[in-house]
Amino acid sequence: MDMRSMPLADGLIDLAIDKAILDALMRDEGDLWVPVAGLCENVGREVNEVEWVLAPGGKLTCISFGQPPLHRRHLECDSWDIEIESLNNSGFD
């Protein structure tokens, strides 16, 4: 299923899990600190789609090898708060 265009009803999902989807959408796009317009649009489509299908109080869990600041700006949305937990060699920070 393409997370940028999901054939699901609005508010249907309680939990969406992004396992490296942002990483895949952002690969080979040059300087990720200064993203090209197409990258922002492509990632924005995923975030908007997840926002629409999440039920009120629903959660998006994003699992990524990317640096949190790279993804945070794409995940910011008026509909949710962002909490970042990083896993290091000894567990979560």
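All of the numbers you see were taken from the coordinates with simple rules; none came from a lab. As the structure is a computational prediction, the values presented were derived from the model and not from experiment. For neighbour counting, all protein chains shown are included, and Cβ atoms are generated from backbone atoms with ideal geometry for every residue, glycine included.
Structure notes:
- Dipole magnitude of the chain about its Cα centre (Cβ charges: Lys, Arg +1; Asp, Glu -1), debye to nearest 20: 140 debye
- Cβ-Cβ FRET estimate between Met6 and Ala37, R0 fixed at 41 Å, reported to 0.05: 0.95
- Relative contact order (%) - the chain, alpha-carbon pairs under 8 angstrom, separation at least six: 38 percent
- For the pair Lys19 and Ser86, the difference between a 0.36 nm per residue extended length and the Cα-Cα distance amounts to 22.7 nm.
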